[in-house]
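Peer 1: Provided herewith is a single structure, encoded as structure tokens, for subsequent inquiry.
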Amino acid sequence: MQSNDARMLLHTAGPTAAVGVIAVAAAAALAGGKGALGAVFGTVVVILFMGIGIFVLQHTGRKYPQLFQAMGLMLYTTQLLLLFVFVAAFKNTTLFDHKAFAASLVAATLVWVAAQARAHTKAKILYVDPEQAGRSEPGARGSAA
């Protein structure tokens, strides 16, 4: 994992976890222990799904840079669909409060996407490889070949 990938993950998972803590406290106050458990589960699901998505996207970007944008769109669509599947699958559960689960899932997802957008705009990622930009190819204009 490159340093900018780790930084991106830290700058997105941190605010999401903070919102998760707030969601757990609110759910515990409103729905008791089952509400808190639902909020914890919702936050963990978002962090895992979105974190795995960053790894997949970065791996694809390094291996197939021409597919990066299409893969990103497909990945986010798939993640959102899977999150809806999780909400539907646990709609009638008695293990935890499904309303707290759904609310924390939506809140954590929104914060993750916003934090990722902010982290990406603040990141100083080079779009030119400085090692190759300094070297000229044989036969290129201006080279002494």
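The values are calculated or read from the model by the stated rules, or taken from the named source; none is laboratory data. Values in this document were obtained by computation on a predicted structure and should not be read as measured data. Here Cβ is always computed from backbone atoms with ideal geometry, including for glycine, and neighbour counts include all displayed protein chains. All accessible areas refer to the heavy atoms of the entire protein, side chains included, with ligands and DNA or RNA removed. Shrake-Rupley method; radii C 1.70, N 1.55, O 1.52, S 1.80 Å.
Peer 1: Using a basic spin-label model with each label point 7 Å from the Cα along Cα→Cβ, how many nm lie between Val87 and Ile52?
Peer 2: My value for the distance between the label points is 2.0 nm.
Peer 1: Could you tell me the center-to-center distance, by alpha carbons, between region 38-60 and region 88-125 in angstrom?
Peer 2: Here the two parts' Cα centres lie 9 Å apart.
Peer 1: Just flag the trypsin sites (Lys or Arg not before Pro) in region 7-106 sitting in loop per DSSP whose Cβ has no more than 14 other Cβ atoms within 10 Å.
Peer 2: Lys91
Peer 1: Now for a separate question. Quick one: what are the phi-derived ³J(HN,Hα) couplings along region 96-109, Karplus 6.51/-1.76/1.60 with θ = phi - 60°, whole Hz, x for glycine and proline?
Peer 2: Working through the residues one at a time gives 8, 6, 5, 5, 5, 4, 5, 5, 5, 5, 5, 4, 5, 5 Hz.
Peer 1: Hey, another quick one. So, for region 20-83, what is the accessible surface per residue at a probe of 1.4 Å, expressed in square angstrom?
Peer 2: 58
Peer 1: Would you calculate the separation in nanometres between label points at Thr78 and Thr94, each defined as 7 Å from the Cα along the Cα-to-beta-carbon direction?
Peer 2: 3.6
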